[in-house]
Structure formats: structure tokens, C-alpha cells
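Read through the structure below, which is laid out as C-alpha cells, and then see the notes.
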Amino acid sequence: MCQSCAASAAPAPLHADASGPFRGLSRRGLLAGAGLGALAVHLPTGSAAATEPEAAAEAEAAASARNGAWACPALGRFPAGGHYGAPRGGASHAGQDVSNSTGTAVHAAAAGTVVRRSWGGGLPGRTGNALVIAHGGGQYTYYGHLSAYRVGLNAEVGAGQRIADMGATGNVTGPHLHFETHTGRLGTTVNPVSFLAARGVDLSGGWSRIDPGASGATVVVIQHLMNRRGYGLVVDGAYGSVSADAVKRFQRSQGLTADGQVGPATWPELVYTLRQGADGSHVRALQTALNKRGAGLAVDGGFGSVTRSAVRAYQSVNRLVVDGEAGPVTWRALTG
Ligand SMILES: [Zn+2]
């Protein structure tokens, strides 16, 4: 875990702790006052949007969030003491640690622009190689202690794209990803676990939760899987009423709660264990999911040697069992 993440005295608040020194100040007050520290000179002009009412901005973010547009940044486990808010030498841990071996893939949690690629991201109290991605709307994600960068500064990245390798650079006791989520502006952290959960992602590695109204690549995955089950959906990546009604019928047929949410109860019933030689819409679903993680496959529905290699590569860099088969564990990781 991090020994010193966010441990040093910082000029700016590292988390949105209501008991902190900035309690009661408006966001505008923060920007105008103490919040304007060394970080401010690096803020893009778009951060002016942070002065919008926080509730409205968060509601807007939430409305656009459960859309398959977010992805779990890394597979691993939550180490003891690595939780957001845990004590750190008088401060509190600004992120959530996810432990795995050095070289484990680190993926962009959402599409955005790489705005920091430096030691500690230039943020106070952080150590080690780090990336910061700006997602727009005042939202940022931070990836720390990396062993290798796989994207350049100012790169545009997609959700789920591999951006780095997990490592142990900086002040740490072992390899892990230190992952932070910032809202409003860079420097204002929130709990990454709940932040991602509100966007349908389980940072601990569980199945994603895709709700009606969503859109994006994961919806394409669902539509392909549904079509394999005979529902005849238009594969447009929009989880509208027709797709949602079909999912509800599927859920009823499986004895599940017919709420239209493709989540931990529905995914396991929806996916297929696939291996080389398979052919059809379920393979298109798999290829789409692999492409969200950067595989670059042709979505042709044929599980040949190229798709098998892509499955093996994904399993390897995410520390799954490398067998070239897409079973439930691989599906859960791919669609998480
Ligand atoms: Zn940490």
C-alpha cells in the first residue's frame, strides 16, 4: 500500500471531507480563495465549469455516467489500510489502492486527455510515476506508482484503454495502483469506490451495472449477447426502451428481477463461455468488449486464432488464468 500518499501537509484540500478546513465554503469560494494554490496554474480553462452548481454538475455527470463509458482501471485486491480516507501521517489517504503484481495492466477509467505524466502528477503528497486524465466536467482520475507509461502527455485516451503498468515507484511497500477520483477541479478528491459505483463500475472487480438509458460499447456487447439469445435487437449501442424491454423479458425468463439493469445478477446468465471455433453474435460481443480494452479486432463474429490471441493477451496482462477462453471471470473483467 502507499505509505505516504497524500501524507504531507498540502496547500490544497486533498479530499472533500466535510469536516475539513474548507467546510462551508462554496466551490466558487474555494476557487477564489485558498483552493487557488500551485495547482491552479495548470487547470485548463474548461475548469471554469466548476463554478456551476455542484449538485447540477454531479447530476449531469451521473446521468451520463451509467453508460458503459466508464471502466474498472485495474484488477487486483484492496489491501488492508489502502482504503480511501485511511489515516496517512496526519492527513488522509486520497485514493483507493488496488494491489496486484508489477506489470499488471492499468486502464483508463473513462475517455479523456492525459494532463499529467510525472512524478506524483505534480500533486502534493503523491510519489511515484503518475498519470492524470481529465474527463471533462471537472472530473479527473489519477493513477499512481506506475512502473511504465503507455500513453504520452496530452494523449486522447478511450475508456478501458491500457495506459500504464502497475508498479511500485515512489514511497510504497509493494506494487499497486493508487487510484484517485477528483470532481469539481483537480485536487478535490472523492471516494473512488462510490464514485465508480455511481457510474456502474465496481472497483473491486465485480460485474458492471448497465442501466436503461445507457449508451456505449458495453451496450453493444449486451445487444450482441441478446441477439445470440434470439431477441433481434438493432445493435446501436443505445440502451433504449426496446433493448430494455427485451432484457426484462430475458430476466423474467431466467427468474431474475425484471428491472432492466444488466448487473451482477444478469451478466452471468447472459454471457457465454467461448473458445476458438465459436461463431456468431456472442463472439461479436466478445470482440467488442476486447476492443474496448484496445484489442483492435475486426468484429466479424468468428473466434479464430486472432481473437484467441487477444483473449490470451488480455488475460495475461490482467493476471487472469491464461487459457484463451472467455469464461465468466474473463467476461466480468472485460465488461467491468
Ligand atoms: Zn494509495
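The values are calculated or read from the model by the stated rules, or taken from the named source; none is laboratory data. Since we're looking at a predicted model, the values are computed, not measured. All Cβ positions, glycine included, derive from the backbone under ideal geometry; neighbour counts span all protein chains shown.
Okay, here's what the table says:
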read-out: Subset tally (residues that are small (Gly, Ala, Ser) and within 16 Å of the ligand (Cβ to nearest atom)) for segment 128-165; value: 5
read-out: Residue selected from segment 298-323 under the condition part of a loop (DSSP other than H, G, I, E, B) and buried (at least 20 other Cβ atoms within 10 Å of the Cβ), by the criterion farthest from the chain's Cα centre (by Cα); value: Phe303
read-out: Only listed residue being within 26 Å of Pro73 (Cβ to Cβ) and in contact with an Asp or Glu (Cβ under 8 Å, 6 or more places away or on another chain), chosen from Thr266, Thr273, Thr288, Thr218; value: Thr273
read-out: Residue match in segment 186-203 (condition: in a strand (DSSP E or B), in the same structural domain as Arg77 (by TED's automatic domain parsing), away from the ligand (no atom under 16 Å from the Cβ) and touching a Gly at 6+ places or on another chain (Cβ under 9 Å)); value: no
read-out: Single condition Met226 does not satisfy, out of (1) among the aliphatic types (A, V, I, L, M); (2) in contact with a helix residue (DSSP H, G or I) (Cβ under 8 Å, 6 or more places away or on another chain); (3) closer than 24 Å to His107 by Cβ; value: (3)
read-out: Index of the failed condition, Leu177 passing every other in (1) within 13 Å of the chain's Cα centre (by Cα); (2) away from the ligand (no atom under 12 Å from the Cβ); value: (2)
read-out: Spans of strands (runs of 3 or more DSSP E) in segment 87-127 with at least 1 residues more than 15 Å from the ligand (Cβ to nearest atom) and at pLDDT 95 or above; value: 105-107, 112-119
